[in-house]
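Scroll down for the structure; my scribbles are underneath it.
Please treat every number below as a calculation from the coordinates, not as lab data. Given the structure is predicted, the values throughout are model-derived calculations rather than measurements. Reconstructed Cβ throughout: ideal geometry from the backbone, glycine too, with neighbour counts over all protein chains shown.
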Amino acid sequence: MTTTESARDAPELSPPDYDVVVVGAGLGGIYAVNRFVKDGLTVFGVEAGGDVGGVWYHNRYPGARVDVEAYFYSYFDEELYREWQWQERYPTQPEILRYLNFAADRLDVRRHFHFDTWMTGAKWHPESNSYTVTTDTGLTVTTRFLVMTSGQLSKPRKPNFAGIDDFEGEWYQTSQWPEHDIDFSGKRVGVVGTGSSGVQTITAIAPLAGELVVFQRTANYTIPAVNGPIDSQRYGQIAEGVDATWGEMLAHPGGALTPLPTRAAFDYSDVERAQVLEERWAYGGHAMNAVFTDQGTNMASNDIVSEFVRSKIRQLVDDPATAETLSPVDYPIGSRRLCVCSGYYETFNRENVSLVDIKNDPIVRITPSGVQTESGHVDLDVLIFAIGFDAFTGALDNANVANERGSHPSDNWKRGPRTYLGLMTTEFPNLFIVTGPGSPSVLINFFAGNVQHIDFVADLIGYMNEHAYTRVEPDVRAQDAWTQHVADVSSRLLRLNVENYMVHVNRDDNTRVFMPFAGGLPAYIARCDEIVANGYEGFVFDETFAAALTGASLGAQADSVVVGS
Ligand code: N01
């Protein structure tokens with residue numbers, strides 16, 4: 001059938017209201033709107049928060065700060081880079097939020113977003129190759145493309161502890177922290193959860209609270225950030241040639257210029273090994289993940305790094321029993337995301353801080369006056385939950401995207417996510433998942449990941465417009481091959497065997513799927529480039545309705561938004 005014949009048979013169609021709906025005004029959404037508008041596309045942005053910022057809007061708990069160095073946690077736009085001055089090597093949440101507001105203003109994207117607006121669903125219409133997107137404010141729009149920049153760590157886990165509704169004190173979640181100040185002075189505060197959010201909030205609240213009780217289920221490897229003022233000379237040098245640094249970042253497995261390992265653990269002498277461990281500790285943060293080339297795959301090598309960190313914990317924590325409880329012993333370092341801190345372990349030397357090991361003494365229920373564990377009751381005025389996110393699939397499920405049969409992407413992912421490049425999934429045409437499962441995602445600097453993905457998507461939309469294509473979806477064989485590749489790349493990793501939010505576990509047979517692509521950013525980009533060079537190999541374009549939409553100009557200004565339907 002030729003395009004002309006199919007057009008004759010097609011129903012009369014009105015053009016979608018927008019070319020692109022962008023969901024989420026975090027660092028990805030800001031860049032996406034700017035890039036799509038630059039490309040001449042009409043864009044409708046939706047954001048549940050009251051302003052730009054994404055996770056940095058919601059995660060405003062005390063102590064929140066990024067664990068990627070600010071030199072790289074930035075947009076590599078010459079003007080933006082030059083005109084902004086970070087204060088710290090690892091900036092705090094307020095500073096990052098100011099930066100994202102600055103970027104949103106300079107890139108003039110704010111006017112495209114509808115804030116305080118929750119996307120309640122999207123439904124694909126094959127006859128018009130468009131989605132209808134609905135919101136809780138009554139706005140309904142149609143769009144050719146749906147781009148989810150809603151993040152992979154944005155749907156908070158609910159604290160569903162028995163008795164939580166009976167608690168008579170105040171309780172908060174780090175991931176949905178209120179905008180108003182909270183007075184902790186003289187109060188008995190409990191924190192449940194010791195991941196990145198817990199570690200930061202515990203360190204910040206300890207000096208403010210009357211008493212602080214930490215409920216730890218799993219001890220984490222927590223590495224001092226070695227924070228300090230930004231090196232403005234270094235920042236200025238990067239600002240002089242942002243393209244060069246950006247190129248180097250894209251050639252780095254983590255998308256940020258942190259030190260890389262050069263040799264396997266046993267290629268060093270004992271003295272050299274001790275020296276390189278101390279060097280990485282002195283550099284701080286995620287550098288501890290990159291001491292030896294084989295620490296992620298060789299248990300003996302990993303043991304050396306794990307034991308080194310445990311020895312540091314013993315040095316930093318005065319009470320030997322507390323140090324022991326804080327020391328991770330039952331999983332290799334790097335198999336759960338490292339926490340990065342500024343004085344976490346020293347916090348436990350304070351008189352007003354205590355630790356409850358809820359692995360051995362589990363929480364039974366929350367009571368009106370505190371927390372009941374198996375062995376006793378802890379009286380509390382304030383409870384803080386830092387219990388993490390429904391990662392990877394949570395935000396997507398929340399958005400309620402449905403294809404023409406009414407199914408949702410994760411309906412097909414019961415045994416682990418299946419995507420092409422982490423960007424698209426079969427049966428969901430024109431839906432792009434930015435930094436999704438199957439992409440490097442949470443393993444790399446989110447600025448690098450988001451910008452690379454959005455540029456890929458924008459170029460793909462440009463290609464479709466050039467060819468008058470209106471529909472794209474991955475070929476199932478290409479998706480299967482990529483999903484297999486993602487699994488192969490992670491098959492030797494020690495972290496595959498440790499349960500955490502990056503691993504999908506099939507409980508019936510204990511098969512595991514490591515959700516992000518662990519092959520590093522350069523390998524990912526190389527595959528993307530190859531796919532483009534081969535004419536978007538693995539993507540299926542459908543031009544059946546292209547002719548029907550002729551006249552409904554591709555990229556023209558939208559003039560109809562249906563309100564309240
Ligand atoms: O969440 P987590 P997070 N009862 O899932 C515990 C990014 N991030 O928000 O390990 C008791 O890591 C849970 O215990 P366990 C970063 O990518 C970055 O802290 O499951 N405890 C764990 O201790 C990070 O990796 C930054 O046994 C319960 C904690 O809660 C990701 O976000 C800052 C429990 C959850 O840890 C997530 O970090 C913050 C229960 N029922 C976040 N359920 C920076 O840039 C969960 N826990 C620095």
Residues whose modelled amide H sits under 5 Å from the amide H of F539, counting only those 5 or more places away in sequence or on another chain, are D475
Would you please report the Å³ per residue occupied by the convex hull of the alpha carbon atoms in the chain?
162
Relative contact order (%) - criterion: Cα under 8 Å, at least six apart; region: the range 307-458:
10
Divide the volume of the convex hull of the Cα atoms of the range 197-283 by its number of residues and quote the answer in cubic angstrom per residue.
184
Using the basic label-point model (7 angstrom from Cα toward the beta carbon), what is the R415 to Q85 distance in nanometres?
5.8
Of K38/K158; K158/K312; K155/K414; K38/K155; K123/K414; K158/K414, pairs whose Cα-Cα distance is over 28 Å
K38/K158; K158/K312; K38/K155
Expressed in nanometres to one decimal, the distance between label points 7 Å along Cα→Cβ at R365 and I182 is 2.4
Kindly state, as a whole number, the per residue volume in cubic angstrom of the convex hull around the alpha carbon atoms of the range 338-481.
190
Report, in whole Å, the centroid distance computed from the Cα atoms of the range 375-413 and the range 338-367.
24
Taking 0.36 nm per residue of separation and subtracting the Cα-Cα distance, what length does fully extending D294 through D166 add?
41.1 nm
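From Cα pairs below 8 angstrom and at least 6 apart in sequence, can you work out the relative contact order of the range 430-536, rounded to a whole percent?
It comes to 36 percent, rounded to a whole number.
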Given contacts defined as C-alpha pairs under 8 Å and at least six residues apart, what's the relative contact order of the chain, whole-number percent?
22
Expected 222 nm ellipticity per residue - DSSP helices of 4 or more, -39500 (n - 2.57), all of the chain, to 500:
-9000 deg cm²/dmol
For the range 73-82, in order, what is each residue's ³J(HN,Hα) by Karplus, 6.51 cos²θ - 1.76 cosθ + 1.60 with θ = phi - 60°, in whole Hz (x at glycine and Pro)?
8, 7, 7, 8, 9, 3, 5, 4, 5, 5
Set the Förster radius R0 to 22 Å, insert the Cβ-Cβ distance between S354 and S311 as r into 1/(1 + (r/R0)^6), and round the FRET efficiency to 0.05.
0.40
How about the range 349-428: which trypsin sites (Lys or Arg not before Pro) there are in a DSSP loop, with at most 15 other Cβ atoms within 10 Å of their Cβ?
R350, K359, R405, K414, R415
Amide H contacts of Y221 (H built 1.01 Å from N, under 5 Å, at least 5 apart or other chain)
C339
What residues qualify as long-range amide H neighbours of E88, i.e. H under 5 Å apart, gap of 5 or more or another chain, H built at 1.01 Å from N?
I230
Expected unfolding gain across R492-D39 under the 0.36 nm per residue rule, minus the alpha-carbon gap, is 158.9 nm
